[in-house]
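> A single structure is presented below for examination.
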Amino acid sequence: MEKLIVLIDDDKLPMKYYIIALKQKDFKVIQFLEPDSAFEFIQNEKVKIFTIILDIMISPGEKYKHVNTREGLDTGLFLFEDIRKICPNTPIFVLTNVNHEKTINKLRNLPLVTIIQKTKCPPSDFANLIETCFANSKE
């Protein structure tokens, strides 16, 4: 079974290290830098996706340019809601530096959602967490 991960984060350099760590665990990682192409891909590939890694602070793109994303600070919340409609059973890891309590509380305690602060979870630890999640999903 292919272990496909969709990573949605516009920080190319820091995410490079997360991608390397995940690939070392034999995951296939596809990164999207903005919501438009990410959502289109997920719509078409939803059956094959093992998990989605989502940042909250990403550019609004065309999809959310008419929505109050607080200049991109909350774009991931809107994208999360749209993804959840088409992938209700896909685990989503919110890997972010957002520490705005009101924003985080919108996702806290939702099923199949794990919130992780980037600054507290180095790439190798994150890859181990995803690997454990994958191993548990096979049981």
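Any read-out appearing in this document is the output of simple, stated calculations on the displayed coordinates, not a laboratory observation. Because the structure is predicted, anything quoted here is derived from the model rather than measured. Every residue, glycine among them, receives a Cβ derived from its backbone with ideal geometry; neighbour counts consider all protein chains shown.
> Working from Cα positions, state the angle (0 to 90°, nearest 10) between the long axis of helix 12-24 and the longest principal axis of the chain.
Compared with the principal axis, the helix lies near 30 degrees.
> Sort ILE30, ILE86 so the one with the fewest other Cβ atoms within 10 Å of its own Cβ comes first.
Result, fewest neighbours first: ILE86, ILE30.
> Also: Based solely on its DSSP helices, what 222 nm [θ] is calculated for the chain when runs of n ≥ 4 H residues each add -39,500 (n - 2.57) and the sum is averaged over all residues, nearest 500 deg cm²/dmol?
The helix-only estimate for the chain comes to -12500 deg cm²/dmol at 222 nm.
> Also, I was wondering about something else. For an R0 of 25 angstrom, estimate the FRET efficiency from the Cβ-Cβ distance between ASP125 and LYS12 and round to the nearest 0.05.
With R0 = 25 Å, the Cβ-Cβ based efficiency is 0.75.
> Can you sort VAL94, VAL47, VAL113 by how many other beta carbons sit within 10 Å, fewest first?
Ranked by crowding around the Cβ, least crowded first: VAL47, VAL113, VAL94.
> Another one. Are there GluC sites (Glu not before Pro) in region 50-110 that DSSP puts in a loop and that have at most 14 other Cβ atoms within 10 Å, and which ones?
GLU62, GLU71
> If you don't mind, another one. Dipole of region 4-137 (Lys/Arg Cβ +1, Asp/Glu Cβ -1, origin at the Cα centre): which of SER59, ASN105, SER37 lies farthest to the positive side?
Towards the positive end, the residue furthest out is ASN105.
> May I ask you to compute the full-extension gain from GLU2 to ASN89, defined as 0.36 nm times their residue separation minus their alpha-carbon distance, rounded to one decimal in nm?
Taking GLU2 through ASN89 to full extension adds about 29.6 nm, to one decimal.
> With N set to the number of residues, divide the alpha-carbon radius of gyration of region 35-101 by 2.2 N^0.38 Å and report two decimals.
On the way: Rg = 11.7 Å, N = 67, 2.2 N^0.38 = 10.9 Å.
In units of the 2.2 N^0.38 Å rule of thumb, it is 1.07.
> Order of THR69, THR132, THR103, THR75 from fewest to most other C-beta atoms within 10 Å?
Fewest to most other Cβ atoms nearby, the residues stand as THR132, THR103, THR69, THR75.
> Quote the relative contact order of the chain in percent (integer), defining contacts as alpha-carbon pairs under 8 Å separated by 6+ residues.
24
> Using the structure shown, select from LYS3/LYS65; LYS63/LYS102; LYS25/LYS65; LYS28/LYS118; LYS23/LYS106 the pairs with a Cα to Cα distance greater than 25 angstrom.
Distance filter (> 25 Å) returns LYS3/LYS65; LYS25/LYS65; LYS23/LYS106.
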